[in-house]
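Working notes for the structure below.
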Amino acid sequence: MTAAAVGLAGRLGRYGLGTAPLGGLFAPVSEDEAEQVLAAAWQAGIRYFDTAPHYGSGLAEERLGRFLRALPRDAAAEAVVSTKVGRLLVPGQGEEEGFPGRTGFVRVRDYSREGVLRSLDDSLTRTGLDHFDLVFIHDPDDHWEQAAGQAFPALAELRDQGVIGAVGAGMNQAEMLTRFVRETDLDAVLVAGRYTLLDRSAAEQLLPECERRGVAVVAGGVFNSGILAGGVTYDYDAAPPEVLERVRELGRACAAHGVPLPAAALRFPHRHPAVANVLIGARSAEEIREDLALAAADIPDALWKDLDHAG
């Protein structure tokens, strides 16, 4: 366990705010709506905020930065902020990549040392912050050599110099995250959609490895893109029939105990001791309040047994 990892888990809190929706994931969000989401999260006690250049081509970073800079200095010091490297934004007419409404940038994959330094400098400029508490290597699925050989050493050097607080990797898969944990001295991982009621693949190797090595786990995508919260999208696409049937079975198990399925989905990741934080994404202040109310629901042990069987 690195020195940076020792205090990180305790600073994150149980729930954090993922800002992809504030960057316009799937549909645009207005400035007022984004401000209201951030204010509601702060008022509810959330202090950990995760963002990335990818989210709305920098829009989420800009909105988060404006909110935090408007807080009183003492209050702003309580915030814990993570961003990501691996996608550089360069001017041009790029593809939306799930974030409609802001297409004046092209996303360029770059996990080189120079790319990491440039990305961080750009993120500091967009947010107006002078420090990030945690920086994730973002989605290096097809870029292991450069990500492990250049991006990680560059971030580790910045961590050792105190320029950033901690180093992590964030992905929608568990296998490469496990390799990062085994072959580098990461402080944290962000695993999205792979430790949920529908997909528990992270429990096979990643979570036990993180627990052994003292690596903090942030669980994202706990609704699997919406299917576990009443939507029809699974992993950023239309849910196939077999997934819809599994969700119906999980819903019936929850209903038998008087527990909403989204409440169980929010609480499920915290059943594993390696999980330090669960990210919540929201497009409105009401969604934040609803999600945190669901997260506080009383869930009997008997339900977990039924869900384990159904899962």
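Across the range 234-257, which residue is farthest from the chain's Cα centre (by Cα) among those that are in contact (Cβ under 8 Å) with a residue 40 or more places away in the chain and open to solvent by less than 40 Å² (accessible area, probe 1.4 Å)? Checked the range 234-257; the qualifying residue farthest from the chain's Cα centre (by Cα) is Ala253. Here is the figure for the range 287-303: residues that are more than 15 Å from Gly226 (Cα to Cα) and touching a residue at least 40 places away in the same chain (Cβ under 8 Å) total 7. The helices (runs of 4 or more DSSP H) located wholly in the range 257-311 that include 1 or more residues which are more than 30 Å from Ala52 (Cα to Cα) occupy 301-310.
Whether any residue in the range 7-19 is part of a loop (DSSP other than H, G, I, E, B), within 21 Å of Ala216 (Cα to Cα) and open to solvent by 10 Å² or more (accessible area, probe 1.4 Å) is what I want to check.
Looking for residues that are part of a loop (DSSP other than H, G, I, E, B), within 21 Å of Ala216 (Cα to Cα) and open to solvent by 10 Å² or more (accessible area, probe 1.4 Å), one finds at least one in the range 7-19, hence yes.
Within the set Ala203, Ala156, Ala174, Ala216, the sole residue that is farther than 19 Å from Ser119 by Cα and free of Cβ contacts under 8 Å to residues at least 60 places away in the same chain turns out to be Ala174. In the condition set (1) open to solvent by 20 Å² or more (accessible area, probe 1.4 Å); (2) among the aromatic types (Phe, Trp, Tyr); (3) more than 25 Å from Tyr236 (Cα to Cα), Tyr55 is compliant with all but (3). All of Ala44, Ala40, Ala27, Ala75 fail the test of being surrounded by fewer than 24 Cβ atoms within 10 Å (Cβ to Cβ) and over 23 Å from Gly226 (Cβ atoms), apart from Ala75. Report whether or not Ala169 is surrounded by 23 or more Cβ atoms within 10 Å (Cβ to Cβ), closer than 19 Å to Tyr48 by Cα and touching a Gly at 6+ places or on another chain (Cβ under 6 Å). So Ala169 fails the test.
Residues that are at pLDDT below 90, at least 3 per element: which strands (runs of 3 or more DSSP E) completely within the range 77-122 meet that? Counting at least 3 such residues, we get no strands (runs of 3 or more DSSP E) at all. For the range 278-301, the set of residues classified as closer than 17 Å to Gly13 by Cβ and surrounded by 15 or more Cβ atoms within 10 Å (Cβ to Cβ) consists of Val278, Leu279, Ile280, Gly281, Ala282, Ile288, Arg289, Asp291, Leu292, Leu294, Ala295, listed by residue number. Restricting Arg182, Arg200 to those that are at pLDDT 95 or above, over 21 Å from Leu12 (Cα atoms), of a type in the set (Lys, Arg) and in contact with a helix residue (DSSP H, G or I) (Cβ under 8 Å, 6 or more places away or on another chain) reduces the list to Arg182. Screening the candidates Gly65, Gly101, Gly128 for the property of being under 21 Å from Glu31 (Cβ atoms), in contact (Cβ under 8 Å) with a residue 12 or more places away in the chain and open to solvent by 50 Å² or more (accessible area, probe 1.4 Å) yields one hit, Gly101.
Quick one: how many residues across the range 109-121 are surrounded by 14 or more Cβ atoms within 10 Å (Cβ to Cβ) and in contact with a helix residue (DSSP H, G or I) (Cβ under 9 Å, 6 or more places away or on another chain)?
The qualifying residues number 9.
The values are calculated or read from the model by the stated rules, or taken from the named source; none is laboratory data. All of these numbers come straight from a predicted model, not from anything done at the bench. Cβ: placed from backbone, ideal geometry, glycine included. Neighbour counts: every protein chain shown. Ligands, DNA and RNA are stripped out before the accessible areas are found, and what is left, the full protein with its side chains, is counted by its heavy atoms. Shrake-Rupley method; radii C 1.70, N 1.55, O 1.52, S 1.80 Å.
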